[in-house]
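The values are calculated or read from the model by the stated rules, or taken from the named source; none is laboratory data. Computed from a predicted model, the values in this text were never measured in an experiment. For neighbour counting, all protein chains shown are included, and Cβ atoms are generated from backbone atoms with ideal geometry for every residue, glycine included. Keep in mind that these areas ignore ligands, DNA and RNA; they rest on the heavy atoms of the full protein, side chains included. Shrake-Rupley method; radii C 1.70, N 1.55, O 1.52, S 1.80 Å.
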Amino acid sequence: MTWELNEDRPIYAQLIEQIQRRIISGVYQPGERLPSVRDLAAEASVNPNTMQRALSELERSGLVFTQRTNGRYITQDQDRIQEIKRTLARQEVETFLGHMASLGFDRVQTLEILKDITTKEV
């Protein structure tokens with residue numbers, strides 16, 4: 001999974017979202033040790049201080065925890081991971097609905113389109 005960063009929003013906020021996505025998608029497994037701040041920063045091509053800020057926010061959210069002198073680990077709290085997953089999914093759906101509204105579709109029409117697409121045989 002590559003790091004996709006752009007200039008329209010703060011880099012640390014994008015790092016938080018991308019690490020969250022890596023956790024909820026299973027790229028980083030519950031209980032797994034994260035790479036060091038420097039390694040993650042180098043991989044994402046960002047300043048280590050920016051990566052540190054993102055990881056600190058993830059710690060505050062409960063997705064990541066620090067074991068003294070052993071580094072940072074992904075939480076094993078499946079409820080917390082599922083909560084973040086649902087939150088991100090809601091954000092994606094709201095964005096999608098906003099795009100559909102800008103095309104002139106109301107929610108009922110949008111749901112009809114989704115139903116048509118999801119019920120077609122692949």
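I need the Kirkwood Rh of the chain: take the reciprocal of the average 1/r across all distinct C-alpha pairs and report it in angstrom. For the chain, the Kirkwood estimate is 16.4 Å. Highest mean first, the peptides 100-106, 44-50 sorted by other C-beta atoms within 10 Å per residue fall in the order 44-50, 100-106.
Based on the alpha-carbon gyration tensor of segment 1-66 and its eigenvalue square roots a ≥ b ≥ c, which shape applies: rounded if a/c is under 1.5, prolate if not and a/b is larger than b/c, or oblate? Mind showing how you got there, number by number?
Working: a/c = 1.44, a/b = 1.36, b/c = 1.06.
Judged from the Cα gyration tensor, segment 1-66 comes out rounded (a/c under 1.5).
Applying 1/(1 + (r/R0)^6) with r as the Cβ-Cβ distance of THR119 and ARG22 and R0 = 25 angstrom yields a FRET efficiency of 0.20. Entry comment: accessible area of segment 61-118 is 74 Å² per residue, from protein heavy atoms only and a probe of 1.4 Å. Accessible surface of the chain, 1.4 Å probe: 50 percent of it comes from carbon and sulfur atoms.
Helix 78-102 and the longest principal axis of the Cα set of the chain meet at an angle near 40°. Using the Cβ-Cβ distance between GLN76 and SER56 with R0 set to 25 Å, the FRET efficiency works out to roughly 0.80. Ordering ARG33, ARG80, ARG21 by accessible surface, largest first, gives ARG33, ARG21, ARG80; the 1.4 Å probe counts only protein heavy atoms, with every chain in place. In this structure, GLU43 and ALA13 have a Cβ-Cβ separation that, at R0 = 22 Å, corresponds to a calculated FRET efficiency of about 0.80.
Take the chain, connect every pair of alpha-carbon atoms lying under 10 Å apart with a spring to form a Gaussian network, then pick out the residue of THR95, THR66, THR75 with the largest mean-square fluctuation. Residue with maximal mean-square fluctuation among THR95, THR66, THR75: THR95. Based on DSSP H segments of at least four residues, each scored -39500 (n - 2.57), the chain has a per-residue ellipticity at 222 nm of -20000 deg cm²/dmol. Extension gain, THR87 to GLU32: 0.36 nm times the residue separation minus the Cα-Cα distance gives 17.6 nm.
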